[in-house]
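Everything on this sheet refers to the single structure shown next.
The values are calculated or read from the model by the stated rules, or taken from the named source; none is laboratory data. Because the structure is predicted, anything quoted here is derived from the model rather than measured. Note: ideal-geometry Cβ built from the backbone for every residue, glycine included; neighbour counts use all protein chains shown. Side chains are part of the model used for accessible areas, which takes the heavy atoms of the whole protein and leaves out ligands, DNA and RNA. Shrake-Rupley method; radii C 1.70, N 1.55, O 1.52, S 1.80 Å.
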Amino acid sequence: MESLASPPCLRLTPTSRRQIHSRQSYAACYTHGGSSAIKSNSLSFSSSASGFASPLTLEKELRSSFVQTAAVRHVTGSLIRGEGLRFAIVVARFNEVVTKLLLEGAIETFKKYSVREEDIEVIWVPGSFEIGVVAQNLGKSGKFNAVLCIGAVIRGDTTHYDAVANSAASGVLSAGINSGVPCIFGVLTCEDMDQALNRSGGKAGNKGAETALTALEMASLFEHHLN
């Protein structure tokens, strides 16, 4: 006896019902011109009916829509507008054989980027621990666009290294936050003297020069965009 059940091609599985429902909803939204509803139902359609749109495709579509509709403004500091910017350099005298090389690298970099010598002021302090309070004072003076903080802490046989290195880092950070002027961390924290010398003009470059570049970019950013 022939079965009266629906032919196999007409049977509706739960997945098929969801797909048909999603298509009908999408078509209804499109007919009535509701752009926001179209986006909402297209998301539902993609997530409920596997095979229609992969998550990667959907993500690309959303990103494309964002780029087309949002005007994003990007700002950055300039390394070619050093004229007129003023810099203070706080240098620790401790491990002077290293810090002098870092200072030389910083000053030479400033000259390459058109910073005048009369716009650079160097302040010496006993050690890296004392850098933070002086940097904050200089920042609050209103005379400088950025403050470089240069020092060298080399590990010894005691935990004194950790205390000084941590205090120097937090001191420079606090100086920048409290003064509102970029205070650039250029304190080397090394295991031995060889590491320090390699980073003050040796095979690892001159970190003083890198600190000066950071100061130039941050000073320009504040001067031309954030003040």
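Here is a yes/no grid of residues against (1) part of a helix (DSSP H, G or I); (2) open to solvent by less than 30 Å² (accessible area, probe 1.4 Å); (3) in contact with a helix residue (DSSP H, G or I) (Cβ under 6 Å, 6 or more places away or on another chain):
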position: 142; (1), (2), (3): no, no, no
position: 149; (1), (2), (3): no, yes, yes
position: 167; (1), (2), (3): yes, no, yes
position: 176; (1), (2), (3): yes, yes, no
position: 194; (1), (2), (3): yes, no, no
position: 212; (1), (2), (3): yes, yes, yes
position: 215; (1), (2), (3): yes, yes, no
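A quick yes/no check of all residues on (1) more than 12 Å from residue 95 (Cβ to Cβ); (2) acidic (Asp, Glu):
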{"residue": "130", "(1), (2)": "yes, yes"}
{"residue": "138", "(1), (2)": "yes, no"}
{"residue": "152", "(1), (2)": "no, no"}
{"residue": "157", "(1), (2)": "yes, yes"}
{"residue": "166", "(1), (2)": "yes, no"}
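Among the residues of the range 88-98, which ones are surrounded by 14 or more Cβ atoms within 10 Å (Cβ to Cβ) and either modelled with pLDDT under 95 or not in a loop (DSSP other than H, G, I, E, B) (or both)?
88, 89, 90, 91, 92, 98
Cβ-Cβ below 8 Å, separation at least six or inter-chain, first residue in the range 137-161 and among the polar types (S, T, N, Q), second assigned to a strand (DSSP E or B): which pairs?
145/87
Looking for whichever is open to solvent by less than 30 Å² (accessible area, probe 1.4 Å) and touching a residue at least 24 places away in the same chain (Cβ under 8 Å) here; the options are 85, 101, 79. Which one fits?
On inspection, the qualifying residue turns out to be 85.
Return a yes/no flag: does the range 66-76 have any residue that is assigned to a loop (DSSP other than H, G, I, E, B) and touching a His at 6+ places or on another chain (Cβ under 9 Å).
Yes: one or more hits.
Yes or no: residue 200 over 24 Å from the mean Cα position of the chain (by Cα), of a type outside the set (Val, Ile, Thr) and either at pLDDT 95 or above or open to solvent by less than 30 Å² (accessible area, probe 1.4 Å) (or both)?
Judged against the criteria, residue 200 is a match.
Report yes if some residue within the range 190-207 is within 24 Å of residue 227 (Cβ to Cβ), in contact (Cβ under 8 Å) with a residue 60 or more places away in the chain and touching a strand residue (DSSP E or B) at 6+ places or on another chain (Cβ under 7 Å); otherwise report no.
No.
What residue, of 111, 143, is over 23 Å from residue 206 (Cβ atoms) and of a type in the set (Lys, Arg)?
143
In the range 116-129, which residues are surrounded by 19 or more Cβ atoms within 10 Å (Cβ to Cβ) and within 22 Å of residue 180 (Cβ to Cβ)?
120, 125
Only one residue in 130, 104, 108, 121 is at pLDDT 95 or above and within 20 Å of residue 193 (Cα to Cα), so which one is that?
104
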